[in-house]
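Q: Submitted below is the structure of interest, expressed as structure tokens.
FYI, it's all coordinate maths here, none of it is from the lab. The structure displayed is predicted, hence computed values, not measured ones. Virtual Cβ from ideal backbone geometry, glycine too; neighbours counted across all protein chains shown.
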Amino acid sequence: MVTSSKDGSFLEHITIQDSFPIGVEQLEAAAKHALPEEVFSHIRSGAGGEETLRKNRAEFKKYSIIPRFLRNVSEVDTSICILGNEYAYPFMVAPIGHLKMVHEEPDFAIANAAASINIPYIQSTVTSRSMEEISKAVPHGPKWFQLYWSKNDAISYSMAKRAENAGYEAIVVTVDTTILGWREDDMRHQYSPLKKGYGKANYVQDPVFQESLKKDQDEIASIIENLHHPHLHWNNIAELRQRTKLPIFLKGILHPEDAKQAIKAGISGIVVSNHGGRQMDGTISSLEALPAIRKAVGSDFPLLFDSGIRRGADVIKALALGADAILLGRPYAYALALQGETGVQRIFANLAQDISVSMALSGARTVKEVKQLTLKVADI
Ligand SMILES: Cc1cc2nc3c(=O)[nH]c(=O)nc-3n(C[C@H](O)[C@H](O)[C@H](O)COP(=O)(O)O)c2cc1C
């Protein structure tokens, strides 16, 4: 997307809009006020003592952008190209499950908002609408499918096939959630959106899952059983590689050696992520992991990033440290809770504008130039 200061589009961000909170801190506070405590806590919280959750944000403060000037930034091109597909901005929609806990029809709302600005909607495995329903309701706009492996491998292969048939562009296998993290807030509140059935559509509409159900077996109990898949191994990824034509991304990679192994396994891209601090507490922050992984995979390998992105300046830093694009997570869940599809459109539009402004003010006319910016690392 080319935005230009000549036509005034850079100034859109100062137009007085409505009651939608501009800063993510206010957005989070408003969502906290609007949502039941256990629902807000489920979204906000991290695993364990939340060390990783805090580190994800703190790490951004270690880096400072050294901007370049006098470069004529009257036109800024925010578009990116990943595996031959062009998208308008260097951000995508992170897969977030169970969003029916905050909205009646979350998946159509988010997919629509993403399609309206041509950024990929990465659908979670645990949504309240299936991939077939989403691709029918929102046929336009790029869609990727995030796959949680199943204990029964055949269900995973079946879901991958369905994503291919439903016109999805890529499969994102999340590798850091083989079992659920130690989530103290959810335990305190005895809260499980999964048990409420908010994430069952992709399973109940899967023929292999249906076939695997034993007589009178409860669907949700079987989904929970399948979601635990500690046996996941590179062999499964190799098998999936054989079975689908779609590019495969691995989400949750933090170690450079795993990144190298992913390339050997024929993987098309990686999402450097620690799941927003919701899985293993005490891990390295995502941003800390990023430079070493970029070094390990080389300059051309598609690298996405999430965990801690809140503003345009964060996006600039992640790109300058080696990401090709970032995934926006919690903020859009809060926006959805507050104002439904309009809220999600608003947060996407705000981030898009913030990225354009931040690019211009850093002296980068293209995403490629963002990657060449110099960052100063604080000696903390
Ligand atoms: C409520 C919630 C549900 C999530 N569900 C999924 C999911 O279904 N699949 C997945 O791969 N990641 C899931 N994630 C992780 C996000 O995709 C992303 O990695 C994380 O939100 C990034 O951290 P941030 O939101 O702090 O930026 C979830 C995150 C949250 C907050």
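Q: Normalising by the residue count of region 2-377, find the relative contact order in percent from Cα pairs under 8 Å and 6+ residues apart. Let's see the in-between values first.
A: Working: 734 pairs, mean separation 98.4, N = 376.
Result for region 2-377 is 26 percent.
Q: Only helices at least 18 Å long along their own axis, judged from Cα atoms, and with Kyte-Doolittle mean hydropathy of -1.0 or greater: name those in the chain from DSSP H.
A: Taking the DSSP H segments of the chain (at least 18 Å long, mean hydropathy at least -1.0), we get 153-165, 330-362.
Q: Another question, then. For a quick check, take a GNM of the chain with Cα springs below 10 Å and name the residue from 36, 90, 139 with the largest mean-square fluctuation.
A: Ranking 36, 90, 139 by mean-square fluctuation puts 36 first.
Q: Just 103, 228, 189 to compare: in a GNM of the chain, with alpha carbon springs under 10 Å, which one fluctuates most?
A: Maximum fluctuation in the GNM of the chain, among the listed residues, is at 189.
Q: Which trypsin sites (Lys or Arg not before Pro) in region 206-300 pass both tests, a DSSP loop state and at most 11 other beta-carbon atoms within 10 Å?
A: 214, 215, 245
Q: Please turn the phi angles of region 205-217 into ³J(HN,Hα) values with the Karplus equation 6.51 cos²θ - 1.76 cosθ + 1.60 (θ = phi - 60°), one per residue in order, whole Hz, x for glycine and proline.
A: 9, 9, x, 5, 4, 4, 5, 7, 5, 7, 3, 6, 6
Q: Anyone know which of 313, 154, 333 comes out most mobile in the 10 Å Cα GNM of the chain?
A: Evaluated over the chain, the most mobile residue of the options is 154.
Q: Return the long-range amide H neighbours of residue 122 (sequence gap of 5 or more, or a different chain), with a cut-off of under 5 Å between placed amide H atoms.
A: 93, 144
Q: Follow-up question, since we're still on this one. No solvent, one uniform scatterer per C-alpha: report log10 I(q)/I(0) for the chain via the Debye equation at q = 0.09, 0.11, 0.12 1/Å, two decimals.
A: Debye curve over Cα of the chain, log10 I(q)/I(0) at q = 0.09, 0.11, 0.12 Å⁻¹: -0.49, -0.75, -0.90.
Q: What are the radius of gyration and Dmax of region 55-170, computed over its Cα atoms and given in Å?
A: Computed over the Cα atoms of region 55-170, radius of gyration and Dmax are 17.7, 58 Å.
Q: Okay, moving on. Sum -39500 (n - 2.57) across every DSSP H segment of at least 4 residues in the chain, then divide by the residue count to get the 222 nm mean residue ellipticity, nearest 500.
A: One gets -13000 deg cm²/dmol as the mean residue ellipticity at 222 nm.
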